[in-house]
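S.K.: The structure's right below; bear with me while I get my questions together.
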Amino acid sequence: MKHVVAFLVAAFVAFPAWAEVDIQEVTSPGGLKAWLVEEPSIPFVALEIQFQGGASLDVPGKRGSTILMTSLLEEGAGELDARAFARRGEELAASFGFDASDDNISVTARFLTETQDEAIELLRAALQEPRFDDDAIERVRRQLLTNIRSDETDPRALARRAFDAAAYGDHPYATSPDGTEDSVSALTRDDLVTAHHNAFARDRVVIGAAGNIDAETLGRVIDAVLGDLPESGAPMPTQAEVSITGGIEVVPFDTPQSVAIFGHAGVERDHPDFFAAYLLNQVLGAGGFESRLTQEVRVKRGLTYGVYSYLSPKDYAATYQGSVSSANDRIAEAVDVIRDEWSKIAENGVTEEELNAAKLYLTGAYPLRFDGNSNIAGILVGMQAQGLPIDYIATRNDKVNAVTLEEANAVAKWLYQPDNLRFVVVGTPEGLETTASN
Amino acid sequence: MLRRALIAATVLCAPVVAWADEMVTHFTLDNGMEVVVVEDHRAPVVQHMVWYRAGSADEPAGTSGVAHFLEHLLFKATDTLESGEFSRVVSANGGQDNAFTSYDYTAYFQRVAADRLDLMMQMEADRMRNIRLTEDDILTERQVILEERNQRTENNPRALFGEQLNASQYLNHRYGVPIIGWKHEMERLDMDDVLAFYEAHYAPNNAILVVSGDVTPEEVRTLAEQHYGVIPANPDIQPRARSEEPPQNAERRVIFHDPRVSTEYVSRSYIAPERNPGDQEKAAALRILAELLGGGTTSYLTEKLQFEEQIAIYTGAFYSGTSLDETTFDVVIVPQPGIALEDAEAALDRVLAQFIEDGVDTEAMDRIKMQVRASEIYARDNVDGIANRYGRAMTSGLTVEDVQVWPDLLQAVTEEDVIEAARAVLRPEGSVTGYLMKAAEVSQ
């Protein structure tokens, strides 16, 4: 009894005061914009820079060039070859991460206040003066080829490849941004220079910073790192058509546990019903023990260790996906249960109680994200990349709470399409055969 | 000269001492439950963790996986909570919860808004003594842990290979048994196994409470006394007695074939001393040795084998040292296509010997110490990481003081210490060399 009371009290008490997330918009002397949260208590800065476009800007036939180019940024720049560059970073105790994905290239930098100027110079050189030395190209190319070969015997990677091929037609999203053994083997230094030229430009950059730095200094820093970049790069990618059809596609692979990815078309991040869809997914299959999928597939039947669903709103295509893995003799049952849940939520929607629980979780969890400079810098970039206003944080929970049961259940009717739900199953599943046609 | 060196050392260490003193508080409740509080008031968030001094290496023979199985079952019913209600309440409060099991510990945690700490403690204290399991819980959740083993291990040849290496490394200690359990033993785990482990290990005098975030030590003390302080100590909690390793006198080899392997490699582990209370110097030297040998682009193995000889695609060296009993020092080499594993192994051995002969590069040592110092500054941005550091250390036999002195000990390691540690540990007779290979070729 005691616990029921505790639960009810918790449910109706408003959430506590926000962390002070005071975002300043900074315009550098050179005209670049950045968002900043000043936090002087620890003597370092987290700087996050994102270039929109990413691996989807690969020139046709040059798949893998953006990934390979990005991996080479820390392999020699300016006066420094790969080893000298790494030594310099260690001397300064600065860390730089360069990562290319479908929609962007992200640069995650962390540097001490005491070595700030030197760290900034190193980062500038990496972004603007990468050397692309031949020996570095060959070394990193061999690493990338090793990753590509590993994916050929990794059930999860195989499932990802088959799903994307079925979902995204002839858009770059349909193939791995790593490229293929053939495409990566054929890349030349010129291809990497082109990829660099296409990706890095002032018109596609968003910047977030958090830590021990003021607006004026940040302006100087971003001009130093990015100011000399060209105004524009390659034309942005075009919209993909989500072409996936329903049914099962088995990818035979000899392994004890089948790995499945499932999904169909989804909903864009800026769609007016995005929050309704987000809440619906919280009920159906987002992380946590309470989701319908976890309850039905894992808790009641013990068919899996993990089953999830998630909205995947990429910049140029929105899908709704999920994944599950079960032993080969049990995956068919897991697929049946998931299909049933998909049909149930499409037909009947969710209950008032479920919707309220989802709202409580999402609104309560939101302020917990803003703990730490590195997390905050990442969030600032994410908000700008999505085109959200600078006061969004204070209004976001209201948007979640504004979704009514009627709205949510109206969205469920079109969002969930059991007939279009594609399952890609990698393994030797018992009782499942390919029914889908591409 | 000496005076200058001393000043430099003091300056180098200053920030480390400062944060450790200002952020961390430690006390013990009357029933023996230790409490660590790591303060960070930047965001209204807390992480609440309870760490038990009980992990897979504390399991009775024949019941491998029971520590981890019990961890799953703590999310079922108690006297006052329905099955699943624990996580439901955490979630309704905007929080996240989970748990993890290792050789030396099992830990449960929630991340929530700071004003929900009371409720979290109430529920966590409840399941320390009051779980109520059904036979159906056992049968269904046993399927879940078997699927977890499928996902982590059976579907992953690298993980299967790692199990065989570990089992060969330890001749007599439970670290040779996988945390998740051997499959054939997991399939037989029952209610009696689970409850026996629970009764033997889950008590306040075998647990450490670690709270980090926007909370004061006084607040934590008040709540902890209210919720955990009322649980009586269990006088039957036994000191952790584990079978010890005999001297290791034979070089071992493990050849593992699997058709799902795409990249072959050589993995080598050496039996190595761990961090011990008041006696962490050898471990500190090994930690620095791992960085120097295989910590990144500038490390010795990478320099020699990737840049100069171009034999390897990847090399690495690993040592953590946070372990209750003897641990391992590991090296790995992934050769370039076309280079046989035997040749890669020979190159690795040659370069390890060369390292000991050459001695330590002073500039490399300076860079690593700069990194160690900076990592203590960066660590303050992630207070939950600091909390984990304490939980792991204190369930591995270390004290708060041992944790706080560790960065200073790393700074104090000399070039001679590193070479001495390398000579002592990189012994063939204490090693296991593993080849992960594609399917054996079938002769026609």
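S.K.: Tell me, in nm to one decimal, what length is gained between residue A:215 and residue A:79 on full extension, where the rule is 0.36 nm per residue of separation less the Cα-Cα distance?
M.R.: Full extension from residue A:215 to residue A:79 adds 45.9 nm.
S.K.: Efficiency by 1/(1 + (r/R0)^6): what FRET value for residue B:30 and residue A:388, r their Cβ-Cβ distance, R0 = 51 Å, to the nearest 0.05?
M.R.: According to the calculation, E is roughly 0.50.
S.K.: Still on this structure, I have one more. For chain B, build the charge dipole from Cβ charges (+1 Lys, Arg; -1 Asp, Glu) around the Cα centre, then report which of B:63, B:155, B:119 sits farthest towards its positive end.
M.R.: B:155
S.K.: Among A:200, A:165, A:136, which residue has its Cα positioned farthest towards the positive end of the charge dipole of segment A:24-226, with +1 placed on the Cβ of Lys and Arg, -1 on the Cβ of Asp and Glu, and the dipole taken about the Cα centre?
M.R.: About the Cα centre, the residue reaching furthest to the positive side is A:165.
S.K.: For a quick check of your reading of the filter: which trypsin sites (Lys or Arg not before Pro) in segment A:23-77 sit in a DSSP loop and have no more than 13 other Cβ atoms within 10 Å?
M.R.: Answer in residue order: no site qualifies.
S.K.: Continuing with the same structure: What do you get for Rg/Rh of the protein assembly as shown when both radii come from the Cα atoms and Rh is the Kirkwood radius?
M.R.: My calculation puts Rg/Rh at 0.94.
S.K.: Classify segment B:396-436 as rounded, prolate or oblate, taking a ≥ b ≥ c as the square roots of the eigenvalues of its Cα gyration tensor: rounded when a/c is under 1.5, otherwise prolate if a/b is larger than b/c and oblate if not. Don't skip to the answer; put the middle values down first.
M.R.: Working: a/c = 3.17, a/b = 1.64, b/c = 1.93.
Oblate shape, in that a/c is at least 1.5 and b/c is the bigger or equal ratio.
S.K.: Still on this structure, I have one more. Place +1 on the Cβ of every Lys and Arg and -1 on the Cβ of every Asp and Glu in the protein assembly as shown, take the dipole about the Cα centre, and give the residue among A:54, B:91, A:230 whose Cα lies farthest towards its positive end.
M.R.: B:91
S.K.: So what J values fall out for segment A:55-60 if you push phi through Karplus, 6.51 cos²θ - 1.76 cosθ + 1.60 with θ = phi - 60°, rounded to Hz, Gly and Pro as x?
M.R.: 5, 5, 8, 3, 5, x
S.K.: Something else now. Going by average Cβ neighbours within 10 Å, how do the peptides B:297-303, A:51-57 rank, with the highest at the top?
M.R.: Working: B:297-303: 21.4, A:51-57: 25.0.
So the order, starting with the most tightly packed, is A:51-57, B:297-303.
S.K.: Sticking with this structure for a sec: To the nearest 0.05, what FRET efficiency results for residue A:343 and residue B:139 with a Förster distance of 35 Å applied to their C-beta separation?
M.R.: Once rounded, the FRET efficiency stands at 0.80.
S.K.: Give, as a single signed number, the net charge of other residues whose beta carbon lies under 10 Å from the beta carbon of residue A:232, with Lys and Arg counted +1 and Asp and Glu -1.
M.R.: 0
S.K.: Under a GNM of chain A (C-alpha, springs under 10 Å), which listed residue has the highest mean-square fluctuation: A:263, A:322, A:372?
M.R.: Highest fluctuation among the options: A:372.
S.K.: Now, a different point. Put a dot 7 Å past each Cα toward the Cβ at residue B:118 and residue B:190; how far apart are the dots in nm?
M.R.: In this crude spin-label approximation the distance works out to 4.5 nm.
S.K.: For the A and B pair, go ahead and give the buried accessible area with a 1.4 Å probe, both sides summed, in Å² to 100. List each step's numbers first, then the result.
M.R.: On the way: alone 20350 and 20450 Å², together 34900 Å².
That pair of chains buries around 5900 Å² in total.
S.K.: Also, quick follow-up: Roughly how many debye, to the nearest 20, is the charge dipole of segment B:136-262 about its Cα centre, given +1 on each Lys and Arg Cβ, -1 on each Asp and Glu Cβ, and no other charges?
M.R.: Around 740 debye, computed over segment B:136-262.
S.K.: Please check: in the Gaussian network model of chain A (C-alpha springs, under 10 Å), which one of A:86, A:377, A:46 has the largest mean-square fluctuation.
M.R.: With Cα springs under 10 Å in chain A, the top fluctuation among A:86, A:377, A:46 is at A:86.
S.K.: When only the heavy atoms of the protein chains count and the probe is 1.4 Å, how do B:51, B:406 rank by accessible area, highest first?
M.R.: B:406, B:51
S.K.: Output the 0 to 90 degree angle, nearest 10, between the alpha-carbon long axis of helix B:383-394 and the longest principal axis computed from the alpha carbons of chain B.
M.R.: Roughly 80 degrees, rounded to the nearest 10.
S.K.: Now, a different point. Which of the lysines could a cross-linker span from residue A:344 if the Cα-Cα distance has to be under 30 Å and same-chain partners fewer than 8 positions apart are dropped?
M.R.: Candidates past the 8-residue exclusion: A:300, A:314, A:359, A:399, A:413, B:76.
S.K.: Also, I was wondering about something else. Please compute the modelled spin-label separation between residue B:420 and residue A:404, points set 7 Å along Cα→Cβ, answer in nm with one decimal.
M.R.: 7.7 nm
S.K.: Express in Å², to the nearest 10, the accessible area of residue B:40 obtained by rolling a 1.4 Å probe over the protein heavy atoms while all chains stay in place.
M.R.: Its accessible surface works out to 30 Å², give or take rounding.
S.K.: Run the quick spin-label model on residue B:243 and residue A:129: label points 7 Å from Cα toward the beta carbon, then report their separation in nm to one decimal.
M.R.: 6.2 nm
S.K.: Roughly what angle does helix B:415-425 make with the longest principal axis of chain B, taking Cα atoms, 0 to 90 degrees, to the nearest 10?
M.R.: Orientation of helix B:415-425: about 80 degrees from the principal axis.
S.K.: Grab the DSSP H runs of chain A that are 4 residues or longer, score each as -39,500 (n - 2.57), total them, divide by all residues and round the 222 nm result to the nearest 500 deg cm²/dmol.
M.R.: -12500 deg cm²/dmol
S.K.: Tell me the per residue accessible area of chain A using a 1.4 Å probe; a whole number in Å² is fine.
M.R.: For chain A, the per-residue accessible area is 40 Å².
S.K.: Dipole magnitude of chain B about its Cα centre, charges +1 at Lys/Arg Cβ and -1 at Asp/Glu Cβ only, in debye to the nearest 20?
M.R.: Computed charge dipole of chain B: roughly 480 debye.
S.K.: What does DSSP give for segment B:252-437 in terms of the percent of beta bridges that are antiparallel, rounded to the nearest 5?
M.R.: On the way: 20 of 26 bridges.
That works out to approximately 75 percent antiparallel.
S.K.: Sticking with this one: Please build a GNM for chain B, connecting alpha carbons under 10 Å apart, and tell me which residue among B:371, B:169, B:404 fluctuates the most.
M.R.: B:371
S.K.: May I ask for the angle, rounded to the nearest 10°, between helix A:331-348 and the longest principal axis of chain A, with both axes built from Cα atoms and the value confined to 0 to 90°?
M.R.: The two axes meet at around 80 degrees.
S.K.: Using the Cα centre of the protein assembly as shown as the reference point, and only Cβ charges (+1 on K/R, -1 on D/E), how large is the resulting charge dipole? Debye, rounded to the nearest 20.
M.R.: 620 debye
S.K.: Sticking with this structure for a sec: Hey, what's the per residue convex hull volume over the C-alpha atoms of segment A:346-438, in cubic angstrom?
M.R.: Looking at segment A:346-438, the number lands at 208 Å³ per residue.
The values are calculated or read from the model by the stated rules, or taken from the named source; none is laboratory data. Every value quoted in this text rests on a predicted model; they were computed, and no experiment measured them. Counting neighbours? That spans all protein chains shown, and the Cβs are built from the backbone with ideal geometry, glycine included. These accessible areas exclude ligands, DNA and RNA; they are computed on the full protein's heavy atoms, side chains included. Shrake-Rupley method; radii C 1.70, N 1.55, O 1.52, S 1.80 Å.
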